[in-house]
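The values are calculated or read from the model by the stated rules, or taken from the named source; none is laboratory data. Everything numeric here is computed off the predicted structure, so don't read it as measured data. Methodologically, a virtual Cβ is constructed for each residue, glycine included, from the backbone with ideal geometry; neighbour enumeration extends over all protein chains shown.
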Amino acid sequence: MFKIIITLVTLSFAVFSTVPAQSEADEIRSILDERDEEIKELLGPEGTDYTGEQREMIKNIVNDIIHYRSMAQFALGNTYDEISEEEQEEFVDLFATIIRDNSLNRLEIYRAEVTYENIEVNNGSAYVETMAQLENVRTSVDYQFERINGEWMITDMTIDDVSTAESYNRQYQNIIRRHGFDALLNSLRNRAARAST
């Protein structure tokens, strides 16, 4: 009898312990679905000419769930802890400006139909595997999520097995090794200035 009770308790715990992970997975999927629907609604039919206001709205929807500080910190590596707070703030702002600007390079990609391959949630982190199909082209787009200040935020995106954060890390570390952090910061200032014009 005692063994049966223990077994039932164990089974109950196993069932209920999967509920939070499942509800969090549903929450993350809902966040991505709502974003996808809002973007597609703004895009309208193919061949639409977008006003500056529409482009800004699309940019905000695409990027507002990205946690730039986490991504920027990974991209900069150990150098992030070696620079001043003022330089950290400027670096994150410049990094965010560049990422946001790049998101509008090809608006048509946001018309792709998205299917979910897998969502894994574990202790405030989540990895989401999706497949985006535009016409006959299929592209794997995966997201790394972290729960930050109570909200799920994207900290990395992997497109066709290429991590965004890792790509920037390789670029930035190469510049820092050759020319130093100041050269990288000046380069980002120039790029951000072009993006804002």
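Mind checking whether some residue in region 41-60 is touching a Ser or Thr at 6+ places or on another chain (Cβ under 9 Å), within 30 Å of residue 186 (Cβ to Cβ) and surrounded by 13 or more Cβ atoms within 10 Å (Cβ to Cβ)? Scanning region 41-60 turns up at least one residue that is touching a Ser or Thr at 6+ places or on another chain (Cβ under 9 Å), within 30 Å of residue 186 (Cβ to Cβ) and surrounded by 13 or more Cβ atoms within 10 Å (Cβ to Cβ). Residues that are part of a helix (DSSP H, G or I) and in contact with a helix residue (DSSP H, G or I) (Cβ under 9 Å, 6 or more places away or on another chain) were ranked within region 99-117; the one that is surrounded by the fewest Cβ atoms within 10 Å (Cβ to Cβ) is 108.
Within region 122-132, which residues are assigned to a strand (DSSP E or B), farther than 13 Å from residue 36 by Cα and of a type outside the set (A, V, I, L, M, F, W, C)? Once the filter is applied, which keeps residues that are assigned to a strand (DSSP E or B), farther than 13 Å from residue 36 by Cα and of a type outside the set (A, V, I, L, M, F, W, C), region 122-132 yields 122, 125, 127, 129. Of all the listed residues (84, 125, 30), the sole one being closer than 26 Å to residue 174 by Cβ and free of Cβ contacts under 8 Å to residues at least 24 places away in the same chain is 84.
Checked against (1) loosely packed, with under 14 Cβ neighbours inside 10 Å; (2) not in a strand (DSSP E or B), residue 87 passes all but a single condition, namely (1).
No other residue among 196, 140, 187, 163 is out of contact with any helix residue (DSSP H, G or I) (no Cβ under 8 Å at 6 or more places or on another chain) and either modelled with pLDDT under 95 or surrounded by fewer than 16 Cβ atoms within 10 Å (Cβ to Cβ) (or both) apart from 140.
Those residues that are under 20 Å from the mean Cα position of the chain (by Cα) and more than 17 Å from residue 116 (Cβ to Cβ), I need them from region 28-41; list them, please.
38
In region 158-197, which residue that is among the hydroxyl-bearing types (Ser, Thr, Tyr) and under 19 Å from residue 104 (Cβ atoms) is nearest to the chain's Cα centre (by Cα)? Within region 158-197, the match that is nearest to the chain's Cα centre (by Cα) is 164.
Residue 61 fulfils the conditions (1) under 22 Å from residue 130 (Cα atoms); (2) touching a residue at least 40 places away in the same chain (Cβ under 8 Å); (3) aliphatic (A, V, I, L, M) except for a single criterion, (2).
Results for (1) among the β-branched types (Val, Ile, Thr); (2) part of a strand (DSSP E or B), shown as yes or no for each residue.
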| site | (1), (2) |
| --- | --- |
| 30 | no, no |
| 50 | no, no |
| 62 | yes, no |
| 72 | no, no |
| 80 | no, no |
| 97 | yes, no |
| 120 | no, yes |
| 142 | no, yes |
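Residues in region 176-197 that are under 21 Å from residue 100 (Cβ atoms) and either without any contact (Cβ under 8 Å) to a residue 40 or more places away in the chain or in contact with a Pro (Cβ under 9 Å, 6 or more places away or on another chain) (or both): 184, 186, 187, 190, 193, 194, 197.
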